[in-house]
Amino acid sequence: MEDETGIIAVVALAVRRARQRLGLSQETLALEAGLDRTYVSQVERGTRNCTIVVLARLARALKTTPDQLLVPQKKGRS
């Protein structure tokens, strides 16, 4: 199933930027969110369509809210 809305890419970029802003590794984020590091990697690369529950777990670990991970960001600096 294709992502016609582009929301997977929006989440991927938001998660990566939030993680980097906090200075977390993918492994640390995964541990904090109760996920596998490869799952976090797939989310950040846009190859994984995460569930709402996982989005909430990532948001909590990133000290933000799920809705903030759904807001399109400019692709400039990461």
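The values are calculated or read from the model by the stated rules, or taken from the named source; none is laboratory data. What you see is a predicted model, and the numbers here were worked out from it, not measured in a lab. A quick note on method: Cβ atoms are made from the backbone with ideal geometry, for glycine too, and the neighbour counts reach across all protein chains shown.
Of the helices (runs of 4 or more DSSP H) lying entirely inside the chain, those carrying at least 3 residues that are under 9 Å from the mean Cα position of the chain (by Cα) are 7-22, 37-45, 52-61. Being modelled with pLDDT of 95 or more and either surrounded by fewer than 15 Cβ atoms within 10 Å (Cβ to Cβ) or of a type in the set (Gly, Ala, Ser) (or both) is a property that residue 57 lacks. The set of residues in segment 18-60 that are hydroxyl-bearing (Ser, Thr, Tyr) and more than 19 Å from residue 7 (Cβ to Cβ) comprises 25, 28, 38.
Just to verify a result, which residue in segment 41-54, among those that are hydrophobic (A, V, I, L, M, F, W, C) and under 18 Å from residue 73 (Cβ atoms), is surrounded by the fewest Cβ atoms within 10 Å (Cβ to Cβ)?
50
The residue that is farthest from residue 60 (Cα to Cα), among those in segment 1-34 that are of a type in the set (Ser, Thr, Tyr) and exposed (fewer than 14 other Cβ atoms within 10 Å of the Cβ), is 5.
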